[in-house]
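All remarks here apply to the structure that follows.
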Amino acid sequence: MTRLLTVAAAQLGPIQKAEGRDVAVGRMVRLMERAHARGVQLVVFPELAMTTFFPRHYHENTAEADHWFEETMPSEATVPLFEAARRYGIGFHLGYAEIAHEPDETGTLRRRHFNTAILVAPSGEILLKYRKVHLPGHADFKPERRVQHLEKRYFDVGNLGFPVIRAPMGGVDGLNMGMMICNDRRWPEAWRVLGLQSVELVMLGYNTPSLNQENSGFEAHHLRVFHSHLSIQAGCYQNATFAVATAKAGVEDGHELFGHSIIVNPMGEIVAMATSWGDELITADCDLDMCTLGRTTIFDFAAHRRPEAYGRIVEQTAAVAPPVWGE
Ligand code: CDT
């Protein structure tokens, strides 16, 4: 029997700094209504979906940024999303800023801050949680930058690895689902860790500026979207998985995010792409059996991987210089 799942990327247009979560959540519920009308079974929302991309705003006292975070899930603001999931029988993926009261690496109980995503079943039950591992940007104010990117200031590095869960979704009895968040998509290690758990559907949200904000060299504008798509398409192909990659788009607090949300199949082909900079639903029917060809042939990991040659991947962080010929 065909394992068919209808998925949607629910791209969100900009959310301005002054706008409350209720505005964003109202828009998200409307996208879920539209998804239901189109027969969608799983909706993927972007990274930090309910607020402006607040890491562009500097606070000397980081506690002043706490109002962007959720301390419970469901939180008061997100209850309408959980209700909509139950009403329409749709699963959803949500990116949000999380405060967790947990021990840190030294065992000390702290208020910890994470850039988090959850996968919620149509019943409203949370099936899986992921906390962003690859935090881009910087921790201190950088005057040379056009726009700040303070993820390293406001978030702890995710401590849940890259988990995959097998659960029913839509009419599919069991589907292997994993998550990553934004910058993670550029790191093949993240994809491979999911691939090594037989992932069949990767969900990811992103907030990516249309311009390089570092002010430290020219980057052609058209390459920004190209690099995002290239990374996702390669990750899908090399790990024989579908992906739903959902953007926040448009001009937010005066700064443009590039949108171009996509759904990609295990051949690495884009099967749906957003074309607006606003709230937009793109959908695809995913035949999950398409994952089988890659993982039983060219990317049959059991037959062809050579971990004994990959030691540097986990033993080393920065690149080292190679030996020089003739010395
Ligand atoms: N949110 C996030 O992780 N954004 C980064 C911006 C880096 S600029 C290339 C991203 O990788 O898209």
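The values are calculated or read from the model by the stated rules, or taken from the named source; none is laboratory data. As the structure is a prediction and not an experimental result, all values here were calculated from the model. Because the Cβ atoms are built from the backbone with ideal geometry, glycine has one as well, and the counts that use them run over all protein chains shown.
Within segment 233-247, the set of residues being away from the ligand (no atom under 11 Å from the Cβ) and crowded, with 17+ Cβ neighbours inside 10 Å comprises Gln233, Gly235, Cys236, Tyr237, Gln238, Asn239, Ala240, Thr241, Phe242, Ala243, Val244, Thr246. Scanning segment 179-203 for residues that are buried (at least 24 other Cβ atoms within 10 Å of the Cβ), away from the ligand (no atom under 16 Å from the Cβ) and more than 23 Å from Ile126 (Cβ to Cβ) turns up just one, Gly195. Residues in segment 244-296 that are touching a strand residue (DSSP E or B) at 6+ places or on another chain (Cβ under 8 Å), in a strand (DSSP E or B), of a type in the set (Asp, Glu) and in contact (Cβ under 8 Å) with a residue 60 or more places away in the chain: 3 in all. Looking across segment 182-201, just one residue is outside any helix (DSSP H, G or I) and of a type in the set (D, E, K, R), and that is Glu200. Checked against (1) farther than 25 Å from Arg166 by Cβ; (2) crowded, with 18+ Cβ neighbours inside 10 Å; (3) aliphatic (A, V, I, L, M); (4) touching a Pro at 6+ places or on another chain (Cβ under 8 Å), Val251 meets all criteria but (2). Scanning segment 273-292 for residues that are of a type in the set (D, E, K, R) and over 18 Å from the mean Cα position of the chain (by Cα), we see that the one that is nearest to Val23 (Cα to Cα) is Asp285. The set of residues in segment 135-153 being crowded, with 18+ Cβ neighbours inside 10 Å and either away from the ligand (no atom under 16 Å from the Cβ) or farther than 20 Å from Asp253 by Cα (or both) consists of Leu135 alone. Between Met1, Met32, the distinction of being modelled with pLDDT under 95 and either on the phi < 0 side of the Ramachandran plot or part of a loop (DSSP other than H, G, I, E, B) (or both) belongs to Met1 only. In segment 5-19, which residue that is farther than 22 Å from Arg34 by Cα and touching a residue at least 24 places away in the same chain (Cβ under 8 Å) is surrounded by the fewest Cβ atoms within 10 Å (Cβ to Cβ)? In this case the residue turns out to be Gln16. Figure legend. Inter-residue proximity from segment 141-157: first residues part of a helix (DSSP H, G or I), second residues within 12 Å of the ligand (Cβ to nearest atom) and among the aromatic types (Phe, Trp, Tyr), beta-carbon distance below 9 Å, spacing 6+ or different chains. Indicated pairs: Tyr154/Phe54.
Among the residues of segment 101-140, write down those that are closer than 30 Å to Ala84 by Cα, without any contact (Cβ under 8 Å) to a residue 60 or more places away in the chain, of a type in the set (A, V, I, L, M) and part of a strand (DSSP E or B). Listed by number, the residues that qualify are Ile118, Val120, Ile126, Leu127, Leu128. Scanning segment 204-211 turns up at least one residue that is part of a loop (DSSP other than H, G, I, E, B), within 16 Å of the ligand (Cβ to nearest atom) and under 17 Å from Met273 (Cβ atoms).
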